[in-house]
Amino acid sequence: MARLKKGDSAPVIRLLDQNGNEQNLIDSRGEKMLVFFYPRAMTSGCTLQAQSVRDAKKQLAKLGVRVMGISPDTPDKQKKFDDKYGLGYPLLSDTEHTAAESFGVWGEKTVMGKKTEGIIRSSFLIDENGRVMDSWYKVKPEDTVPKAIEALKKK
């Protein structure tokens, strides 16, 4: 699993969001993006992560950053997640885990003592030109936003 690092070009992704609309990172060129990968909608850690991003959306917008979440959930499940928690930003469906593999976040992990394959919770700050400003693999749900804001303040 190749990991992205500072200065790498962000992979071009095209996925459906919770409303069935195609979203991609090329459309976001010209603005910064916080892209975060989470294992499964409606779980406690993923909910904490998604809500913390939602709660920081205005602060991130003031810093010129849009947000986008990605998981292997279907668009319908992403829609339920968005509706239940009022997230209000794109949640992309990566059921074939192609984006996860491109970003280097699909791999072996241990869940409750059992080895499995899936999303390794990670987040990426991408600049206006589509380059990785910073990346955090195995990020804690509550650290997604603080790490991004800290990196933005250093720029």
| message | Can you say whether Lys109 is modelled with pLDDT of 95 or more and more than 17 Å from Asp134 (Cα to Cα), as far as the supplied structure shows? | response | no
| When you go through Asp82, Asp55, Asp76 one by one, which is the residue that is within 23 Å of Ala148 (Cβ to Cβ), surrounded by fewer than 18 Cβ atoms within 10 Å (Cβ to Cβ) and either in contact with a Phe, Trp or Tyr (Cβ under 6 Å, 6 or more places away or on another chain) or not hydroxyl-bearing (Ser, Thr, Tyr) (or both)? | Asp55
| Criterion violated by Pro39 - all others in (1) in a loop (DSSP other than H, G, I, E, B); (2) within 26 Å of Glu22 (Cβ to Cβ); (3) in contact with a Phe, Trp or Tyr (Cβ under 9 Å, 6 or more places away or on another chain); (4) not hydroxyl-bearing (Ser, Thr, Tyr) satisfied | (3)
| query | Is there a residue in the range 119-127 that is surrounded by fewer than 20 Cβ atoms within 10 Å (Cβ to Cβ) and in contact with an Asp or Glu (Cβ under 6 Å, 6 or more places away or on another chain)? | reply | no
| request: Give me the pairs, please: first residue somewhere in the range 125-147 and more than 14 Å from Tyr38 (Cα to Cα) and free of Cβ contacts under 8 Å to residues at least 60 places away in the same chain, second residue anywhere and of a type in the set (A, V, I, L, M, F, W, C) and crowded, with 17+ Cβ neighbours inside 10 Å, beta-carbon distance under 6 Å, and either six or more positions apart or on two chains. | output: Lys147/Trp136
| Subset of the range 23-67 that is of a type in the set (Ser, Thr, Tyr) and touching a strand residue (DSSP E or B) at 6+ places or on another chain (Cβ under 9 Å) - its residue that is nearest to Lys77 (Cα to Cα) | Tyr38
| request: Could you list all residues from the range 110-126 that are within 18 Å of Ile70 (Cα to Cα) and out of contact with any helix residue (DSSP H, G or I) (no Cβ under 9 Å at 6 or more places or on another chain)? | output: Glu117
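The values are calculated or read from the model by the stated rules, or taken from the named source; none is laboratory data. The model shown is predicted, which means the values in this text are computed figures rather than measured ones. Every residue, glycine among them, receives a Cβ derived from its backbone with ideal geometry; neighbour counts consider all protein chains shown.
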